[in-house]
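**Q** Right, I'll just put the structure down here and ask away after.
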Amino acid sequence: MTRKDGLLAMLVVVVWGLNFVVIKMGLHNMPPLLLAGLRFLLVAFPALLFVARPKIPFRLLAAYGLTISFGQFAFLFSAIKFGMPAGLASLVLQAQAFFTIILGACVFKERLQGKQQAGISLAVIGVLVLIEGSLGGQHVALLGFMLTLAAAFSWACGNIFNKKIMQLEARPPIMSLVVWSALIPVLPFFAASFLFDGAAVMWQSLIAIDMTTILSLVYLAFVATIVGYGIWGSLLGRYETWRVAPLSLLVPVVGMASAAWLLGETLSMTQLAGALLIMGGLYINVFGLRVRRTVTN
């Protein structure tokens, strides 16, 4: 990877890591489902006026949008609104990697490798330790963890539909898929907000919207989604997957560091141990247990 592309990859990692702090800030004055709906409305408009519709069956586009967009962010935004720390959310959400592996084994009959089984086992232990460390000190409600895990599972389901889409003869450009699939969750988000929050709360939130919420929406829609996915998709198109994908392991590192710096979030020793176990599981899943040796002649 060239130095320029390496810097672009790290830029995306930082942008996505800060995403969780921005969500936390955006939720201070707006219900989570309404904020998410506005985010995807901004992703879709006006971009779809300039991006061609992907030539894929509507059922796959809808399934992708309802899982990776609606399901993931409805659960994630709600989890953070209900007290899930932004830093921990960035880490627990990475369970999507293991959910994706398990779903891939069920749907595509993919065989689990030893490193994947070891990584999943270590990460599960890490999640349990993390929950114990959080609940033991009454730092995080169990609901926050469950909602974040549900978000990770929804992301994994979206990955499965994404693979089905990419297996089509006419593979759509990643930006076309991102923009047009953003249309799918807009109405479900607004309908769910109307159902759970009520019209009065929605209207008051829109009337009283402040600059912090507006800037959060701009960041989430244009920076994290349009720019982030655009650069990431471009890198995946130019380099082997193994060169690019492992860099996403740094996202929760940035997420937890930025949450500590900007929001004052801290981890107990038990929580830190659980976080390290999860990161270890992610590392094993990507790189295995092999140690590379440099041989000199």
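**Q** What does the convex hull of the Cα atoms of the range 1-74 come to per residue, in Å³, rounded to a whole number?
**A** Considering the Cα atoms of the range 1-74, their hull volume per residue is 140 Å³.
**Q** Each label point is 7 Å from the Cα along the Cα-to-Cβ direction; what then is the distance between the points at ASP210 and LEU289, in nm?
**A** 5.2 nm
**Q** Under 8 Å for C-alpha pairs, at least 6 residues apart: give me the relative contact order for the range 121-280, rounded to a whole percent.
**A** Normalised by residue count, the contact order of the range 121-280 is 62 percent.
**Q** Could you compute Rg(Cα) / (2.2 N^0.38 Å) for the range 56-163, with N its residue count?
**A** Rounded to two decimals, the normalised Rg is 1.14.
**Q** Also, I was wondering about something else. Within 10 Å, at most 12 other Cβ atoms, and a DSSP state outside H, G, I, E, B define an exposed site. Report the longest part of the chain free of exposed trypsin sites (Lys or Arg not before Pro).
**A** 112-289
**Q** Within the range 40-68, what residues put their amide N at less than 20 Å from the label point 7 Å along the Cα-to-Cβ vector of LEU8?
**A** Residues 51-52 fall inside that zone.
**Q** Can you grab the distance from the C-alpha centre of the range 174-198 to the C-alpha centre of the range 1-47, Å, no decimals?
**A** Cα centroid to Cα centroid, the span is 16 Å.
**Q** Please give, to one decimal in nm, the separation of the simple spin-label points placed at ARG171 and VAL223, each 7 Å out from Cα toward the Cβ.
**A** 3.1 nm
**Q** Give me the mean projected area, in nm² to one decimal, of the convex hull enclosing the Cα positions of the range 20-116.
**A** In nm², the orientation-averaged hull projection of the range 20-116 is 8.4.
**Q** In a Gaussian network model over the chain where Cα atoms closer than 10 Å are linked, find which of SER205, SER78, SER193 has the largest mean-square fluctuation.
**A** Fluctuation is largest for SER205.
**Q** Could you tell me the ratio Rg/Rh of the range 121-195? Both radii from Cα atoms, Rh via Kirkwood.
**A** 1.13
**Q** For the range 203-251, build the convex hull from the C-alpha positions and give me its volume per residue in Å³.
**A** Output value, Cα hull per residue: 84 Å³.
**Q** Still on this model: For the chain, modelled as a GNM with alpha-carbon contacts under 10 angstrom, which of VAL251, VAL124, VAL21 fluctuates the most?
**A** VAL124
**Q** With the calculation restricted to Cα positions, what are the radius of gyration and Dmax of the chain in angstrom?
**A** In order Rg, Dmax, the Cα atoms of the chain give 19.2, 74 Å.
**Q** Rounded to the nearest whole Å², what accessible area per residue is found for the chain with the 1.4 Å probe?
**A** 50 Å²
**Q** Give, as ranges by residue number, the residues of the range 219-253 whose backbone N falls under 20 Å from the point 7 Å along Cα→Cβ of ASN29.
**A** Under 20 Å, as judged by backbone N against the label point of ASN29, lie 219-222 of the range 219-253.
**Q** If the chain between LEU142 and LEU236 were fully stretched, how many nm would it gain, using 0.36 nm times the residue separation less the Cα-Cα distance?
**A** Taking 0.36 nm per residue and subtracting the Cα distance, the gain is 30.2 nm.
**Q** Looking at the chain, how many pairs of lysines come closer than 17 Å at the Cα, when each pair is eight or more places apart or spans two chains?
**A** 5
**Q** To the nearest 20 Debye, how big is the dipole of the chain about its Cα centre, given +1 on the beta carbon of each Lys and Arg and -1 on that of each Asp and Glu?
**A** In total the dipole reaches around 1040 debye.
**Q** Return the single residue from LEU262, LEU187, LEU27 with maximal mean-square fluctuation; model: Gaussian network over the chain, springs between Cα atoms under 10 Å.
**A** LEU262
The values are calculated or read from the model by the stated rules, or taken from the named source; none is laboratory data. Because the structure is predicted, anything quoted here is derived from the model rather than measured. Every residue, glycine among them, receives a Cβ derived from its backbone with ideal geometry; neighbour counts consider all protein chains shown. Heavy atoms of the whole protein, side chains included, go into the accessibility calculation; ligands, DNA and RNA do not. Shrake-Rupley method; radii C 1.70, N 1.55, O 1.52, S 1.80 Å.
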